[in-house]
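Participant: Pasting a structure here, questions to come.
The values are calculated or read from the model by the stated rules, or taken from the named source; none is laboratory data. In this text the structure is predicted, and so the values were computed from the model without any measurement. Here the Cβ positions follow ideal geometry from the backbone for every residue, glycine too, while neighbour counts run over all protein chains shown.
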Amino acid sequence: MDETTRRVPVGVIGTGSIFNAYALGLSAIPQLPIVRVADLDGERARAAAEEWNIPAWGTTEELLADPEVQVVVNITPPRAHAALTDAALRAGKHVYVEKPLAATAEEARRNIETARETGKLLGGAPDTFLGPSGQTARAAVDAGLIGRPFAASSFVRSSRAETWHPDPTFLFTEGGGPVLDWGPYHIAALVNLLGPVSRVVGATTRAADELTVTAPERRVERVGVTVDTHATAILQFASGALATAMYSFDVWDTTLPHLEVYGTEGTLQVPNPNRFDDPVLVKRRGDEEWTELPAVMDPLTPAGARAIRGPGVLDLVRHLGGDLHRASADFAFHVLEVLERLERIAPENGAVEITSTVKRPAPLLGIDVGPLTR
């Protein structure tokens, strides 16, 4: 049976700030209906179910015991990922996890082992590289539009979470920080474009030990900062390419681009990898202006899908039907190991080796860049 068209019911654990993005994305994929939600806060689970017309809500235990739920989407805080993923796999569910795959690489490794033991699929965010922006950039690199990619830059400024999140504590304590919060989008995008990372070097710091929360509906007034909130690094890829990275919760504004890839024949400007469908620009040797590339559109990704989540869940279900698994646990694990090394880098440690590796995820579709190369 075609797994991309048959109905595969989904249960979502966690109805926090990212839930609406998943509900929106999955609602645009008819074969992936959300049939149940769960949360530690029962009232919040009930409200989410009512808002999105989800037929059932309740506890995690009730969700895992529900025979209708075939895929569990785990969008709880990072420190809760590993235990809930393990429970869902052992309950006979396939699991897709919001980034990072787990709070630590060791926890993620154990989840991968559990998935193999139970024969269930495990996938993980971010899935934004499957969107039009990520796939357009990938197709341009594969077509040689900028020649041989030899370097890249990757920059993240503050998400300003203290101005909009009612309780951003988790972002500034163990399992949080800019490396684990924003870093997954950037590292996933870079691995999609340049392949696996082999080593990292750099340093981390923090600008303050406490922050004032100004969100209008805040539940806390101040947050203690117990993780470093600014990281600067050089990433070396197995291909030999280098990337300069700066991931920060302390830099309030910058004019630096999110991502650029530098090749022997030009530069590719890649938009915010936390979004799906912003334009990709290229400027080749001899060009006077940047050119917007025609977007690669997966017909199963809704148009105007900047804020959605869900293509990674569809990717997992496609794999059940025999397609390649792009947002796989192995891919997410490699991204997490790189991020974990970035969190702990220090000049006195020199270059830190990345022990895992992974193939670049296969592209979804091709792109005609002929008019730009002739």
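Participant: Filter the range 166-179 down to residues that are touching a helix residue (DSSP H, G or I) at 6+ places or on another chain (Cβ under 6 Å) and under 30 Å from ALA362 (Cα atoms) and give me whichever is surrounded by the fewest Cβ atoms within 10 Å (Cβ to Cβ).
Facilitator: By that ranking, first place goes to GLY175.
Participant: A follow-up question, please. When residues of the range 321-364 are filtered for being touching a Ser or Thr at 6+ places or on another chain (Cβ under 9 Å) and either part of a helix (DSSP H, G or I) or among the charged types (D, E, K, R) (or both), how many remain?
Facilitator: 12
A quick yes/no check of all residues on (1) buried (at least 24 other Cβ atoms within 10 Å of the Cβ); (2) out of contact with any helix residue (DSSP H, G or I) (no Cβ under 6 Å at 6 or more places or on another chain); (3) among the basic types (Lys, Arg):
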{"position": "ARG110", "(1), (2), (3)": "no, yes, yes"}
{"position": "THR114", "(1), (2), (3)": "no, no, no"}
{"position": "LEU121", "(1), (2), (3)": "no, no, no"}
{"position": "ASP142", "(1), (2), (3)": "no, yes, no"}
{"position": "PHE155", "(1), (2), (3)": "no, yes, no"}
{"position": "TRP164", "(1), (2), (3)": "no, yes, no"}
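Participant: Taking the range 243-302, which residues are under 18 Å from the mean Cα position of the chain (by Cα) and β-branched (Val, Ile, Thr)?
Facilitator: Scanning the range 243-302 gives VAL270, THR301.
Participant: Can you tell me which residue is nearest to LEU365 (Cα to Cα) among those in the range 96-121 that are hydrophobic (A, V, I, L, M, F, W, C) and touching an Asp or Glu at 6+ places or on another chain (Cβ under 9 Å)?
Facilitator: LEU101
Participant: Taking the residues in the range 32-52 that are of a type outside the set (A, V, I, L, M, F, W, C) and within 20 Å of ALA88 (Cβ to Cβ) as candidates, determine which candidate is surrounded by the most Cβ atoms within 10 Å (Cβ to Cβ).
Facilitator: ASP39
Participant: Moving on to the next point. Go through the range 189-203 and count every residue that is over 15 Å from SER356 (Cα atoms) and buried (at least 20 other Cβ atoms within 10 Å of the Cβ).
Facilitator: 6
Participant: Give the residues of the range 321-351 that are surrounded by fewer than 18 Cβ atoms within 10 Å (Cβ to Cβ) and of a type in the set (A, V, I, L, M), sorted by residue number.
Facilitator: Result: LEU324, ALA346, ALA351.
Participant: Now a separate question. Which of the residues that make up the range 222-240 are without any contact (Cβ under 8 Å) to a residue 40 or more places away in the chain and within 19 Å of GLY350 (Cβ to Cβ)?
Facilitator: Hits for the range 222-240 are THR232, ILE234.
Participant: Could you name every one of the helices (runs of 4 or more DSSP H) located completely within the range 1-74 that has at least 3 residues being on the phi > 0 side of the Ramachandran plot and outside the structural domain of PHE170 (by TED's automatic domain parsing)?
Facilitator: Qualifying helices (runs of 4 or more DSSP H): none found.
Participant: Just one of (1) over 19 Å from LYS99 (Cβ atoms); (2) surrounded by 23 or more Cβ atoms within 10 Å (Cβ to Cβ) trips up PRO55, so point out which.
Facilitator: (2)
Every residue, every condition in (1) at pLDDT 95 or above; (2) at positive phi, yes or no:
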{"residue": "MET297", "(1), (2)": "no, no"}
{"residue": "GLY310", "(1), (2)": "no, yes"}
{"residue": "ALA327", "(1), (2)": "yes, no"}
{"residue": "ASP330", "(1), (2)": "yes, no"}
{"residue": "VAL338", "(1), (2)": "yes, no"}
{"residue": "PRO371", "(1), (2)": "no, no"}
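Participant: Give me the pairs: first residue in the range 208-221 and assigned to a loop (DSSP other than H, G, I, E, B), second residue at pLDDT below 95 and among the small types (Gly, Ala, Ser), beta-carbon distance under 6 Å, and six or more apart or on different chains, which are they?
Facilitator: none
Participant: Any chance you could count how many residues in the range 100-152 are of a type in the set (Phe, Trp, Tyr) and assigned to a helix (DSSP H, G or I)?
Facilitator: Of the residues in the range 100-152, 1 are of a type in the set (Phe, Trp, Tyr) and assigned to a helix (DSSP H, G or I).
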